[in-house]
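Before any comments, here is the structure.
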Amino acid sequence: GKFVMSGSLTTDPAWKSLEIYHAEHGNRLNMLRMFREDPQRFDKFSIKMQTQDGDWLFDYSKNLLNEEIFRMLMQLARNRGVEQYRERMFSGDKINFTEDRAVLHVALRNRSNRPMMVDGVNVMDDVNKVLKQMKEFCDSVRNGQWKGYTGKAITDIVNIGIGGSDLGPKMVCEALRPYAKPGLNVHFVSNIDGTHLAERVFKNLNPETTLFMIASKTFTTQETLTNANSAKQWFLDKARQPQEVAKHFVALSTNAEKVKAFGIDPKNMFVFYDWVGGRYSLWSSIGLSIACFIGFENFEELLKGAHYMDNHFQQTPIEKNIPVIMAMLGVWYHNFYGAETHAILPYDQYMKRFAAYFQQGDMESNGKYITRFGHRVNYTTGPIVWGEPGTNGQHAFYQLIHQGTRMIPCDFLMPMDTHNPIQQGMHHEILTANFLAQTEALMRGKTREEARRELEESGYTGEQLEKILPHKVFEGNRPTNTFVFQKLTPFFMGYLIAMYEHKIHVQGVVWDINSYDQWGVELGKQLAKVIQGELKGKQPVNTHDSSTNGIMTFFKMHRKQ
C-alpha cells in the first residue's frame, strides 16, 4: 500500500525530539571530548567495504553526533518514509509527481539486469538496446573505422549540450582522463556565449577529423541548438556538401523528426527516456562522449560502480546505509544548526569538476520551497553546495572554515593510490598528510594554552604575545565526513556519483519536496524571449521596471556592434 506520512515535518515526533535535544545540548556537544570519552567512537561511526576495485572507508565520527542523536535522526528518516520512497523509486512509481514521471536512473546502470518496470513494461530491453548501439558506435570511432568526409579517422569529439547534458560527461571525462585513448580528445561546449564555441572549436579544431554530439532531449534547447547550428555552419564552410553532415554529427535526443531535418542520420540518434532527469543522465546515451573517451568497457565499469552503490542503498538497513547517514547528518546541520552551505573537497586533481557537478545535482534537485501537498515549507531545504580540490582550497577559503563565524560541514574525499606517483610517490604522500591533517585540525582546533605555548617557543613575550594570542586560537569542533577509496577508477567514480545522488534523494524525501523537477529554470527563459525581441535598434525601452528598462536602454545606446 501507499505510505502516508503523519503530519508535516516540523510536527513529527522525531523532529520535535531533535529540536529539544539541540536546544539543550546543541552548543555543548564537543567532538574532542566525545573522542576522549569513547575509545570505540571511530568503530561505531564508520563503515568499511571491500569492492572489486579495492577498499573503501566512510568515516563520520568527526561530526556533532552521539548515539542518541544518531537514533533520533534514523527515527526521523523512518517516520518520513525514506524506506518506502526508496522502494517506490526502484519500482518505477511516479515519484516525480509534478511531471507524472518515474525516476529510474538506477535502471540505466542495472548490471544485474533485474526487470525494472514503468507502466507495466520492463525498461531493461530499451536500456540494453541503446547500450549496444553506443558500444558499436564507440568501437568504430576508437578503432578508426568511422571516417570523416575526407576519409580520415576522428581525433576530436565535441559534446554540445548544457546543464545535465554537459556537466556530468565533462566532470567524468576529466576524472577518468588516465583511461583515455591517446589521440582522441573530447571537448565540451555549453554556453550560448559565442566565445565558448569560438575558443573550443573554431580556433583549434579541424572539421575533417571532428565529430559533434548534439545532446538535447527535445532537440529544441535554445543554447544547444544555436551552438549546433553554428557548428554545422563552420563545418559546411569547409565541407561544402550538406550530405557530409551525417559523417560528423550525431544526436543524443528523442526527436527523430528534428534530428533528421538537421542532417543527422536517424540511426545515429541515441535515445534516452523521460524517466531520466537531465542531472541524472550521464549513465544514459548522454554519456556517449565518456564512453568514446575512456572506451566502452570502462564506461561499463562506471555503470557497475553505480550499480554497486544502488544495491547498497536499496538493501542496507538505514543505520548502516551510507547515503542515508550522509543525508541525515545534512538535515541535522541545515535544519537544526542553521548551516547554509555544504562543501565538497576532493583531494584529487582529476576530480576538479566534482563539486561543480553536484552543485547542479543538489541545488537543482532540492532548491524547492513547495511540498508535495502544495504547501510552503516552514523549514530550510537544499543547501548551497560548493568546493574545490585540496590542497588548493587550503590556500584559498579554508581560513573561513577554520576561523570564520559560519558552520560549514565538509566532505573530504581521497584515493589511497594515485595514477601519477611522481617523485617516488612523494607528492601523493604530502597530499595525503594534508588531507588527514585538515579534518583533525577542524575537529581539534587549538586552545588558548596551546597557542600561548607555541608563541612563547617562538620568542614572543609580554604585551606582544597577548596581542597576537587571540588570533592564533582555533575553536575546532567543525564537522567533517571522510571518504577514502582505493583509487580513482571508473568503478569508484560511478560509486561516488551514485552515493551523492541517493543522499540528495533522501533529503528530498525528508523535506517533502520533488527532487526531480526544475520549474525554477523556466521563468528566466520566458522573460529572455520577450527581451530578445526588444533588443533591436536604438529605441529606449519602457515596457519593464525602471531598472530593466534602464539597463536595456544603456545597452542599446552604447554597444558598438
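Here are the numbers for the structure shown:
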{"quantity": "Helices (runs of 4 or more DSSP H) lying entirely in the range 51-124 (those with 3 or more residues that are open to solvent by less than 10 Å² (accessible area, probe 1.4 Å) and farther than 30 Å from LEU488 by Cβ)", "calculated": "67-79"}
{"quantity": "Residues located in the range 330-351, provided they are within 18 Å of the chain's Cα centre (by Cα), assigned to a helix (DSSP H, G or I) and of a type outside the set (Ser, Thr, Tyr)", "calculated": "GLY330, GLN349, MET351"}
{"quantity": "Residues being assigned to a loop (DSSP other than H, G, I, E, B), open to solvent by 30 Å² or more (accessible area, probe 1.4 Å) and not hydroxyl-bearing (Ser, Thr, Tyr) - total across the range 384-409", "calculated": "5"}
{"quantity": "Test: residue in the range 320-342 that is under 20 Å from GLN84 (Cα atoms) and free of Cβ contacts under 8 Å to residues at least 24 places away in the same chain", "calculated": "yes"}
{"quantity": "Some residue of the range 480-494 being over 26 Å from ARG353 (Cα atoms) and of a type in the set (A, V, I, L, M, F, W, C)", "calculated": "no"}
{"quantity": "Residue match in the range 251-260 (condition: in a helix (DSSP H, G or I), open to solvent by less than 30 Å² (accessible area, probe 1.4 Å) and either among the small types (Gly, Ala, Ser) or modelled with pLDDT of 95 or more (or both))", "calculated": "yes"}
{"quantity": "Members of the range 38-48 found to be outside any loop (DSSP other than H, G, I, E, B) and open to solvent by 100 Å² or more (accessible area, probe 1.4 Å), listed by number", "calculated": "LYS48"}
{"quantity": "One residue from PHE483, PHE435, PHE412, PHE373 being at pLDDT below 95 and either part of a helix (DSSP H, G or I) or at negative phi (or both)", "calculated": "PHE373"}
{"quantity": "Top-ranked residue in the range 193-224 [being without any contact (Cβ under 8 Å) to a residue 60 or more places away in the chain and of a type in the set (A, V, I, L, M); ranked as surrounded by the most Cβ atoms within 10 Å (Cβ to Cβ)]", "calculated": "ILE214"}
{"quantity": "Residue within the range 107-124 that is more than 28 Å from the chain's Cα centre (by Cα) and of a type in the set (Asp, Glu) present", "calculated": "yes"}
{"quantity": "Test result for GLY476, open to solvent by 40 Å² or more (accessible area, probe 1.4 Å) and either touching a His at 6+ places or on another chain (Cβ under 8 Å) or not in a helix (DSSP H, G or I) (or both)", "calculated": "no"}
{"quantity": "Answer residue from the range 4-37, given it is among the acidic types (Asp, Glu) and either farther than 23 Å from PHE474 by Cα or in contact (Cβ under 8 Å) with a residue 60 or more places away in the chain (or both) and is least open to solvent (accessible area, probe 1.4 Å) among those", "calculated": "ASP12"}
{"quantity": "Of all residues making up the range 439-459, the number that are in a helix (DSSP H, G or I), open to solvent by less than 40 Å² (accessible area, probe 1.4 Å) and touching a residue at least 60 places away in the same chain (Cβ under 8 Å)", "calculated": "3"}
{"quantity": "Of all residues in the range 168-218 being farther than 26 Å from ARG240 by Cβ and part of a strand (DSSP E or B), the one that is farthest from the chain's Cα centre (by Cα)", "calculated": "VAL186"}
{"quantity": "MET493 within 30 Å of LEU302 (Cα to Cα) and in a helix (DSSP H, G or I)", "calculated": "yes"}
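The values are calculated or read from the model by the stated rules, or taken from the named source; none is laboratory data. Quantities reported herein were computed from a predicted structural model and do not represent experimental measurements. So basically every Cβ, Gly included, is an ideal-geometry build from the backbone, and we count neighbours across all protein chains shown. Protein only, heavy atoms only, side chains kept; ligands, DNA and RNA dropped before computing areas. Shrake-Rupley method; radii C 1.70, N 1.55, O 1.52, S 1.80 Å.
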